[in-house]
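Worksheet: one structure, shown below.
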Amino acid sequence: NGSYNHVFLHKVVDGKADEGIDLMEGQRFFTPTIPFGGDEDYIIRPDGKFVVYVTKQKTGTEYVNSTNTDLFQYNVETGETVNLSSENKGYDTQPLYSPDGETLAYLSMKRDGYESDKNDLIVLHNGKKTNLTAQWDGTVNGFAWSADGSGIYFAAPVDGTVQIHHVAVSGQLKITRITDGMFDVTSVVADLGDRLIVNRRDMNHATEIFAFSLASKTFTQLSNANNDIYDSIKISNIEKRTMTTTDGKKMLTWVIYPPDFDPEKKYPTLLYAQGGPQ
């Protein structure tokens, strides 16, 4: 209908915000990007001097076919806007400043048009970019800075689940998986020093908020929004199986049994084959 999502900046004095300015005035581009973008598409530096936002400077059919989003940095004092990722032709998303504001982390895919490419974790510090996951055979879903800014916690798929990993932002770029289990940690919300606040789900339970102890490696459930529903139903037993495909590869599958499963009985079966966007 001719309208676009734009980022606006409002200055707040004595608890009152001014009318604000459109950082993308006159641009026929979207921030947050459509159809999947949210508030992870823009961030303000802790000192308030810069705003970084994600947009794809394309329209129409070219917009739909391309994944070439970029990070644009707006200087609050001068009004100047700079493209921070013009050299990369795939997705650049989820900018997030370190606690001290000195380093910008974000996710990046290399190839244009390939929305399932490997998602790498990049840090930008003093004009230098470092790919923290270049030598790691995995893809990053989302991340959060550690409280002291020395590292990053991120969620990544592992054998049909999603687990938390950690990587330092300097020195040896060693990636360590710190959770393990038949569940998905869908996001890391915050690092409180001794524990992480995360969102977690599994095949029997919708997403709830958990605290993960970094010392004991255990989860404590903090929210129970769906307990009244779970109390009224029986849960299923989940079995993890690996099968050999016709071309000799190993493929992970899940078997979800009906509640109170009786192996002596026959049940109707639903086979769900997960494909991909490419």
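When Asp262 is tested against (1) open to solvent by less than 60 Å² (accessible area, probe 1.4 Å); (2) in a strand (DSSP E or B), just one condition goes unmet, and that condition is (2). The residues listed here are Gly26, Gly37; of these, the one that is assigned to a loop (DSSP other than H, G, I, E, B) and on the phi > 0 side of the Ramachandran plot is Gly26. Here Tyr63 qualifies as open to solvent by less than 60 Å² (accessible area, probe 1.4 Å), closer than 27 Å to Gly2 by Cβ, modelled with pLDDT under 95 and not in a loop (DSSP other than H, G, I, E, B). The single residue among Ile197, Ile229, Ile233, Ile175 that is aliphatic (A, V, I, L, M), free of Cβ contacts under 8 Å to residues at least 40 places away in the same chain and in contact with a Phe, Trp or Tyr (Cβ under 8 Å, 6 or more places away or on another chain) turns out to be Ile197. The one condition from (1) under 24 Å from Pro35 (Cβ atoms); (2) buried (at least 17 other Cβ atoms within 10 Å of the Cβ); (3) not polar (S, T, N, Q) that Leu124 does not meet is (1). Got at least one residue in region 265-277 being under 27 Å from the mean Cα position of the chain (by Cα), farther than 30 Å from Ala134 by Cα, assigned to a loop (DSSP other than H, G, I, E, B) and among the aromatic types (Phe, Trp, Tyr)? For region 265-277, residues under 27 Å from the mean Cα position of the chain (by Cα), farther than 30 Å from Ala134 by Cα, assigned to a loop (DSSP other than H, G, I, E, B) and among the aromatic types (Phe, Trp, Tyr): present. Under the condition of being open to solvent by 10 Å² or more (accessible area, probe 1.4 Å), in a loop (DSSP other than H, G, I, E, B) and of a type in the set (S, T, N, Q), the residues counted in region 86-105 number 2. Of the residues making up region 230-240, one or more are charged (D, E, K, R) and touching a Pro at 6+ places or on another chain (Cβ under 9 Å).
Considered as a group, the residues in region 51-60 that are among the hydroxyl-bearing types (Ser, Thr, Tyr) and in contact with a strand residue (DSSP E or B) (Cβ under 7 Å, 6 or more places away or on another chain) include one that is surrounded by the fewest Cβ atoms within 10 Å (Cβ to Cβ), and that residue is Tyr53. In summary, strands (runs of 3 or more DSSP E) completely within region 106-213 and bearing 3 or more residues that are modelled with pLDDT under 95 occur at 184-191. The residues listed here are Met203, Met243, Met251; of these, the one that is over 30 Å from Asn126 (Cβ atoms), open to solvent by 50 Å² or more (accessible area, probe 1.4 Å) and touching a residue at least 40 places away in the same chain (Cβ under 8 Å) is Met203. For region 215-222, the criterion of being in a strand (DSSP E or B), surrounded by 16 or more Cβ atoms within 10 Å (Cβ to Cβ), modelled with pLDDT of 95 or more and under 20 Å from the mean Cα position of the chain (by Cα) is met by none of the residues.
Return the total of residues in region 44-61 being closer than 17 Å to Asp92 by Cα and either in contact (Cβ under 8 Å) with a residue 60 or more places away in the chain or not β-branched (Val, Ile, Thr) (or both). Qualifying residue count, region 44-61: 4.
Exactly one residue among Gly20, Gly48 is within 19 Å of Leu96 (Cβ to Cβ) and either exposed (fewer than 11 other Cβ atoms within 10 Å of the Cβ) or not aliphatic (A, V, I, L, M) (or both), and that residue is Gly48. Looking at this structure, is Ile34 open to solvent by 30 Å² or more (accessible area, probe 1.4 Å) and touching a Leu at 6+ places or on another chain (Cβ under 9 Å)? Answer is no for this residue. Answer yes or no: is there a residue in region 178-199 that is more than 27 Å from Met243 (Cβ to Cβ), among the basic types (Lys, Arg) and surrounded by 14 or more Cβ atoms within 10 Å (Cβ to Cβ). Checked against the condition, which is being more than 27 Å from Met243 (Cβ to Cβ), among the basic types (Lys, Arg) and surrounded by 14 or more Cβ atoms within 10 Å (Cβ to Cβ), region 178-199 yields at least one hit.
The values are calculated or read from the model by the stated rules, or taken from the named source; none is laboratory data. Just so it is clear, the structure is predicted and the values come from calculations on it, not from any experiment. Don't worry about glycine lacking a Cβ; one is built from the backbone with ideal geometry, like all the others, and counts go over all protein chains shown. Accessible surface is based on the protein model in full, side chains and every heavy atom, while ligands, DNA and RNA are left aside. Shrake-Rupley method; radii C 1.70, N 1.55, O 1.52, S 1.80 Å.
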